[in-house]
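Only one structure is covered here, and it is reproduced in the block below.
The values are calculated or read from the model by the stated rules, or taken from the named source; none is laboratory data. Quantities reported herein were computed from a predicted structural model and do not represent experimental measurements. Note that we place each Cβ from the backbone using ideal geometry, even for glycine, and neighbour counts take in every protein chain shown.
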Amino acid sequence: MLHINKLSVPQQAKPHPYMKQIYHLLSTQESKQRSDSDGTLVQSFRSVQGTKYSKPGWIWFNLSYLQPSMTVAELILLRKTLHPEPLTVTVAVHSLSFGAGNLSVSSPLTEHLLTLDQLPPSGYDVFNVTASLPHQVHEPHILGFQLRFRDESGSLVLHEALTQSLYCLNTSSLSQPLLVTYKVKPTERQVFERRQRQYCRESTQQIKQYSQLRQQRSTNDTACKLYERLIDIHKTELGQWILQPTAFNISFCRGLCTKEQAKLSLADQTPKEKHLENDKRPHCSSQETSPLTVMYRSATNDIIIKQLRDIRAQSCVCSPNIRSSING
């Protein structure tokens, strides 16, 4: 998930404004979600320059680090100009890819009707380009897009000129073209390449280590209850990578449990669990947990939104410590 490279940490990159919108939408939903999923929710790619087939108005992305769990893709373009007249054009999006040293152009992925004297509500034209996603990425993969326009009479319009006129294509701009990929449904964790797994593993451990340290420092001579602590990202090493949130609350269960408290939870246990419980000491544990959604900058300077589960406890309960017996 989040990799902390202590030897070389690049300058803090600002997230694309569209990614900030997505993050705020997801973070407002996390309190309604159960912590039953974990992993990357959204992965974004900024446009790049320098391909040998590059033409003005063509838009290119490097998808070499696309995660296999991403199943939906959107091309995000900021509309920068308005026409003084209420003209309409139909735009078709085609993908451009390399094969056997040649450039191939797909059939239309999607078509939109644009009214040139009106901006879209968000300021961005959003095109569904899911069909262009590669099934597997084993080597450097460059994906491009071309926009083709037809006017009201159905005649073709100068594609490259109109694309450059309508949209912000500057790769140095904060609002440059963006390709956003989504994991729309929780799926079984797929086996990534070892380097990517290590990158993910270290990040979760970093965040959860802060949670564990807070628990260890809390008092353990009071009754089992819920504790809450504020983590300031800027005061940790994670501040070099995490863009949002800048601070967050962790909550955890801590304290003493009596046998009487543990007996109250026995009614909810199965006969097998009651048998395995024996005389084991009751344990203060979380009954429900909620996730934390973070937006961070990857080692390739792409912006990623990830959900980390089991970061916040919602309620506490005294229960026999039988998990190891059941799993063992």
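Out of all the residues in region 289-298, is one or more closer than 14 Å to C318 by Cα and at pLDDT 60 or above?
In the first step, residues of region 289-298 are kept if they are closer than 14 Å to C318 by Cα; the result is none.
Scanning region 289-298 turns up no residue that is closer than 14 Å to C318 by Cα and at pLDDT 60 or above.
Is it the case, given these coordinates, that L26 is modelled with pLDDT under 85, assigned to a helix (DSSP H, G or I) and among the hydrophobic types (A, V, I, L, M, F, W, C)? Steps first, please.
Working: modelled with pLDDT under 85: yes; assigned to a helix (DSSP H, G or I): yes; among the hydrophobic types (A, V, I, L, M, F, W, C): yes.
Answer is yes for this residue.
Give the number of residues within region 212-240 that are modelled with pLDDT of 75 or more and not basic (K, R).
The qualifying residues number 10.
Considering S44, S54, which residue is in the same structural domain as P177 (by TED's automatic domain parsing), hydroxyl-bearing (S, T, Y) and not in a loop (DSSP other than H, G, I, E, B)?
Details: S54 fails: not in a loop (DSSP other than H, G, I, E, B).
It is S44.
Out of the residues in region 312-328 that are of a type outside the set (K, R) and at pLDDT 75 or above, which is surrounded by the most Cβ atoms within 10 Å (Cβ to Cβ)? Spell out the reasoning first.
From region 312-328, those of a type outside the set (K, R) are 313-322, 324-328; that's our starting set.
Still in the running and at pLDDT 75 or above: 313-319.
On the way: A313: 22, Q314: 15, S315: 12, C316: 22, V317: 19, C318: 22, S319: 24.
Checked region 312-328; the qualifying residue surrounded by the most Cβ atoms within 10 Å (Cβ to Cβ) is S319.
Please work out if V180 is touching a residue at least 60 places away in the same chain (Cβ under 8 Å), in a strand (DSSP E or B) and of a type outside the set (F, W, Y). So that I can check it myself, show each step before the final result.
Details: touching a residue at least 60 places away in the same chain (Cβ under 8 Å): yes; in a strand (DSSP E or B): yes; of a type outside the set (F, W, Y): yes.
Spelling it out, V180 is indeed touching a residue at least 60 places away in the same chain (Cβ under 8 Å), in a strand (DSSP E or B) and of a type outside the set (F, W, Y).
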